[in-house]
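Colleague: Sharing a structure, written as structure tokens. Questions coming.
The values are calculated or read from the model by the stated rules, or taken from the named source; none is laboratory data. As the structure is a prediction and not an experimental result, all values here were calculated from the model. Using ideal geometry, Cβ is built from the backbone for each residue, glycine included, and neighbour counts are taken over all protein chains shown. Accessible surface areas use protein heavy atoms only, side chains included; no ligands, DNA or RNA. Shrake-Rupley method; radii C 1.70, N 1.55, O 1.52, S 1.80 Å.
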There are 2 protein chains.
Amino acid sequence: MSCFAASLAICAILNPRKQVCILGTGGGGVMEAEKVVIIGSGPAGLTAALYAFRLGRLPLVIEGPQPGGQLMGTSNIENWPGEQKIQGALLMQKMREQVQGLGVRFVSETATGLEKCENGFVISTKNSRYPAQAVIIATGSAPRKLGCPGEAEYWGKGVSSCSVCDGPLFAGRPVVVVGGGDSAAENAQYLARLGSKVTLVHALGALTASRAMQEMVLSNPAITIIYDSTVTGIEGDGIAVTGVVITNSKTKSERTIPTDGVFIAIGLIPNTQFCRTLLECRPSGHIITTSHTQTSVEGIYAAGDVADMRYRQAIAAAGSGCMAALDVDGYLKKI
Amino acid sequence: MSCFAASLAICAILNPRKQVCILGTGGGGVMEAEKVVIIGSGPAGLTAALYAFRLGRLPLVIEGPQPGGQLMGTSNIENWPGEQKIQGALLMQKMREQVQGLGVRFVSETATGLEKCENGFVISTKNSRYPAQAVIIATGSAPRKLGCPGEAEYWGKGVSSCSVCDGPLFAGRPVVVVGGGDSAAENAQYLARLGSKVTLVHALGALTASRAMQEMVLSNPAITIIYDSTVTGIEGDGIAVTGVVITNSKTKSERTIPTDGVFIAIGLIPNTQFCRTLLECRPSGHIITTSHTQTSVEGIYAAGDVADMRYRQAIAAAGSGCMAALDVDGYLKKI
């Protein structure tokens, strides 16, 4: 898709050879480029907005399909420094009110494309195109889901994708972990250490986790493994999870086991579909960054889970959002 | 200093050839090694403690000479995500209550040494020695100070070392920036952008900042530079700063200029005196980390300003504290 063909003529000139466009500079009826557009509105995006605004860069936030990010789907969180216990949604509301109070602008759209132009970038959404001198990508990742009945209804009410976040709420209680890779094994180990009786439900006949992780799981008396099986239903009393339906993929037999928590660890999908052609990404889809938040394209920075396969915590995402804003500030000074 | 000679015989055996000692394992009257000792209790240290505890690693925090870290010396902060305006000291109190509520242990001591042992490390303080399987260093840095009358009295009441933190409180008001390097130039530029009338007081006859930064400062009509001069006194009305005494180093003449804020940007000193012989550090004294929090010695991790010359923000420090705790957890699983 060419810049010229855009519904809003914000890119003035297309250079077909270079596949780049030239941003409008405010004259001649073309829309002026934003200093910085932040894509995503979770802890990373909102912290980037907070810092970018305070640095005088008047950011525009394209908030995405789930304003507030993954924390909106959690119940109480106890691992945000300074908040003994706070609803994930309330924490995000406080962050949002803070930056909106400063004057940060939000648009309720989702980025669908990102192009490089001669002197900046253009972010496409379904209905608009936003020119920007610099971009911070903070679109996070989405846990791969089971897609079974009850999963959506009990998400945040017993169903979770983060044992470090929600595990302590289930200490000493029966939980089910779904998956068989490193992440599932770590979740199971961690929950067992908290005193939970863990049932690991894995689709295959053997774990796919690293050998060391496998050995730990297999030798842990608090962990029971059900192989060749998938969770095909999540049951509850309307308030919280009470059990899961497990289907054996070979015999097709079903059984229901009681549980208080269901931890789904079958992978995360970083939300990078819109920028994978422009930026270097890992095979997993995560954006590759060097020197903290720098992506493979100068002027584009990434913060939070979209570039983080390893820690995936709200406070780490917020920290990297701050870094991205400071990096953008340095970049804008330079150009 | 050998482990064997320690006042508490917590290191059982010294191997003189390797300059390493062997940690006690709880038997035979020797003190059991901690899983993880966290040195420092600012945002990085307390977030590391929060995560380490939740990961089941029961950390011990050696809180250092300034419990709570640099934020204790600030007034209102407005750049902690989720808190529109909060006293730095209150934010740190909330973090501390949160981790103390979990059961994290604190000792009111300051690390004076760090040694590698055969199977871990020993942290020395004036009165004790603490063996540990893993260590997180989060001792932060201290702004280099002027040492003039009024500086201590008005610290946090108009005197600051962080314009990004405190600058917006002085928007549109006269401020003095002390220093002539990149940091001072950036502070001056940033404060001018906020609408402040900035007086830059520099000890030498020319700025030492990078050429680009110098040009920006020199061409900014909101910034006046006083060369060959030092701030030799800070005056106030008991509540807030009202002026500074400036002494010309050549003529020795003194004058007082009115100001609402004094930003001291003459360098930061990372608190790494106790570990510089063991860990690779930059010429500035900052600990060198790779892969986020890993220091040059396996089992020792660094978080926050002690390893961060670039961002130096509380939220970034907290994020790296979280990362260090997760890295320690991975390390302890491995050993």
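Colleague: If you put a point 7 Å past Cα along the Cβ direction, how far is that point for A:LEU218 from the same point in each other copy, in nm, smallest first?
Modeller: Listed shortest first, these distances are 7.1 nm.
Colleague: Right, next: Using 0.36 nm per residue, how much length does the chain from B:ILE335 to B:TYR227 gain when fully extended, once their Cα-Cα distance is taken away?
Modeller: That pair, B:ILE335 and B:TYR227, stretches by 33.2 nm at full extension.
Colleague: Sticking with this one: So which residue of A has the beta-carbon closest to the axis that swings A onto B, and how many whole Å away?
Modeller: Residue plus distance in Å, as requested: A:GLY319, 1.
Colleague: How much accessible surface area, in Å² rounded to 10, belongs to the heavy atoms of A:MET92 with a 1.4 Å probe?
Modeller: For A:MET92, the solvent-accessible surface is approximately 10 Å².
Colleague: At B:LEU102, with labels set 7 Å past Cα in the Cβ direction, how many nm apart are the copies from this one, shortest first?
Modeller: Values, ascending and in nm: 2.8.
Colleague: Same structure, new question: Once each part is reduced to its C-alpha centroid, what is the distance from the range A:210-268 to the range A:61-119 in angstrom?
Modeller: Using only Cα atoms to place each centre, the spacing works out to 31 Å.
Colleague: Give the Kirkwood hydrodynamic radius (Å, one decimal) of the protein assembly as shown, defined as one over the mean of 1/r across all pairs of different Cα atoms. Can you show the working numbers first?
Modeller: Values: mean 1/r = 0.0373 Å⁻¹.
Result for the protein assembly as shown stands at 26.8 Å.
Colleague: Between the helical axis of B:314-334 and the dominant principal axis of chain B, each derived from Cα atoms, what acute angle in degrees is found, rounded to the nearest 10?
Modeller: Around 20 degrees separate the two axes.
Colleague: Let me ask another. Quick one: angle between helix A:88-102 and the longest Cα principal axis of chain A, in degrees between 0 and 90, rounded to 10, please.
Modeller: For helix A:88-102, the angle is close to 10 degrees.
Colleague: Can I ask one more? Each label point is 7 Å from the Cα along the Cα-to-Cβ direction; what then is the distance between the points at A:THR277 and A:LEU218, in nm?
Modeller: The modelled label-to-label distance comes out at 4.6 nm.
Colleague: Express in Å², to the nearest 10, the accessible area of A:CYS162 obtained by rolling a 1.4 Å probe over the protein heavy atoms while all chains stay in place.
Modeller: 30 Å²
Colleague: Averaged across B:320-331, how many Cβ atoms of other chains sit within 10 Å of each residue's Cβ atom? Before the final figure, lay out the partial values.
Modeller: Numbers: counts 6, 4, 11, 8, 0, 3, 6, 2, 0, 3, 2, 0.
Taking all residues of B:320-331 together, the mean is 4.
Colleague: Ok, one more. Report the accessible area of B:THR139, computed with a 1.4 Å probe over the heavy atoms of all protein chains in place, in Å² rounded to the nearest 10.
Modeller: B:THR139 exposes around 30 Å² with every protein chain in place.
Colleague: Is the shape of the range B:145-264 rounded, prolate or oblate, going by the alpha carbon gyration tensor and its root eigenvalues a ≥ b ≥ c, with a/c under 1.5 for rounded and a/b larger than b/c for prolate? Kindly include the intermediate steps, with their values, before the conclusion.
Modeller: Values: a/c = 1.77, a/b = 1.14, b/c = 1.55.
Cα axes put the range B:145-264 in the oblate bin.
Colleague: Mind listing the long-range amide H neighbours of B:ALA203? Cut-off is under 5 Å, sequence gap 5 or more, other chains count too, H placed in the peptide plane at 1.01 Å from N.
Modeller: Placed amide hydrogens put B:GLY179, B:SER229 under 5 Å from B:ALA203.
Colleague: Where both residues lie in the protein assembly as shown, what percent of DSSP beta bridges are antiparallel, nearest 5? Don't skip to the end; give the middle numbers.
Modeller: On the way: 70 of 128 bridges.
Beta bridges within the protein assembly as shown, antiparallel portion: roughly 55 percent.
Colleague: Okay, next question. Count the DSSP beta bridges whose two residues both fall in the range A:145-264, then state the antiparallel fraction as a percent rounded to the nearest 5. The partial results should precede the final answer.
Modeller: On the way: 12 of 27 bridges.
For the range A:145-264, the DSSP antiparallel bridge percentage is about 45.
Colleague: Beyond 31 Å between alpha-carbons counts as too far, so tell me which of B:LYS145/B:LYS252; A:LYS145/A:LYS250; A:LYS85/A:LYS334; A:LYS94/A:LYS126 fall in that bin.
Modeller: Numbers: B:LYS145/B:LYS252 21 Å; A:LYS145/A:LYS250 22 Å; A:LYS85/A:LYS334 42 Å; A:LYS94/A:LYS126 28 Å.
The answer is A:LYS85/A:LYS334.
Colleague: If the label for B:SER128 sits 7 angstrom from Cα along the Cα-to-Cβ line, what are its distances to the same label in every other copy, in nm to one decimal, shortest first?
Modeller: 5.7
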